[in-house]
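Take a look at the structure set out below.
The values are calculated or read from the model by the stated rules, or taken from the named source; none is laboratory data. Being a predicted model, the structure only gives us computed values, none of them experimental. Positions of Cβ are backbone-derived with ideal geometry, glycine not excepted, and every protein chain shown enters the neighbour counts. Calculation scope for accessible area: heavy atoms of the full protein, side chains included, ligands and nucleic acids excluded. Shrake-Rupley method; radii C 1.70, N 1.55, O 1.52, S 1.80 Å.
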Amino acid sequence: RKEVEQDPGPFNVPEGATVAFNCTYSNSASQSFFWYRQDCRKEPKLLMSVYSSGNEDGRFTAQLNRASQYISLLIRDSKLSDSATYLCVVNVGSGNTGKLIFGQGTTLQVKP
Amino acid sequence: DVKVTQSSRYLVKRTGEKVFLECVQDMDHENMFWYRQDPGLGLRLIYFSYDVKMKEKGDIPEGYSVSREKKERFSLILESASTNQTSMYLCASSPWGTAGKLFFGSGTQLSVL
């Protein structure tokens with residue numbers, strides 16, 4: 001079983017739709033969690049951290065369920081520009097750099 | 001804005017060549033990382049450094065070495081390139097104590113023939 005698992009998709013949705021991705025992790029001692037966005041042939045960029053109580057940034061909402069060991073990303077009112085691959089990242093270490101495990105990513109295609 | 005610059009966007013080398021990949025960051029970050037990204041495998045950590053002249057092995061260090069002589073520069077060296085090292089190489093940096101919050105360079109697509 002992979003340490004961090006994501007459904008690779010692609011998720012094809014129309015503009016304006018709400019879409020949600022889940023990511024499961026196997027290490028119950030995981031310290032912190034993140035979502036990154038990676039556009040085609042570009043580098044990953046931090047989208048948002050995921051906090052225990054859930055957090056929102058505009059149209060994006062991230063949630064953490066420690067009991068079931070998954071994190072989620074909800075995108076409301078999808079835009080064409082949201083088309084990208086979304087990487088789930090789990091920190092299973094501690095200290096300065098931690099130990100990051102990247103999921104393989106979920107691809108989102110938003111259609112007009 | 002933080003800028004992480006990788007010296008080449010595309011690189012083609014022959015098996016057995018010594019290959020240098022350079023990375024420079026301009027935000028005085030303590031931590032620097034080298035990852036490779038392969039389809040179906042995600043990003044995997046090769047080496048990282050948290051200070052000048054300090055280096056730590058990541059998950060897949062075999063066949064690679066690194067050098068950090070200056071804070072802003074972190075070099076990845078393939079001592080004798082092999083075809084299984086064909087990949088996208090991504091450099092990243094982060095400030096001290098911000099585990100998970102990485103700034104990536106635009107990547108080097110290396111092909112070893």
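Computed values, structure above
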read-out: Check: chain B dipole with +1 on Lys, Arg Cβ and -1 on Asp, Glu Cβ, in debye; value: 180
read-out: Cα-projected label distance for B:Ser67 with B:Arg14, points at 7 Å along beta-carbon direction, nm; value: 2.3
read-out: Leading residue at positive end of dipole, the protein assembly as shown (Cβ point charges), from A:Leu64, A:Val89, B:Thr108; value: B:Thr108
read-out: Solvent exposure, largest accessible area first (probe 1.4 Å, DNA, RNA and ligands not counted), of B:Glu69, B:Glu30, B:Glu79; value: B:Glu69, B:Glu79, B:Glu30
read-out: Total lysine pairs whose alpha carbons fall under 26 Å of each other in chain B (8 or more apart, or interchain); value: 24
read-out: B:Met54-A:Lys42 pseudo-label distance in nm [points 7 Å out on the Cα-to-Cβ vector]; value: 3.3
read-out: Karplus (6.51, -1.76, 1.60) ³J(HN,Hα), θ = phi - 60°, over region B:104-113, in Hz, Gly and Pro reported as x; value: 9, x, 7, x, 10, 8, 9, 10, 10, 9
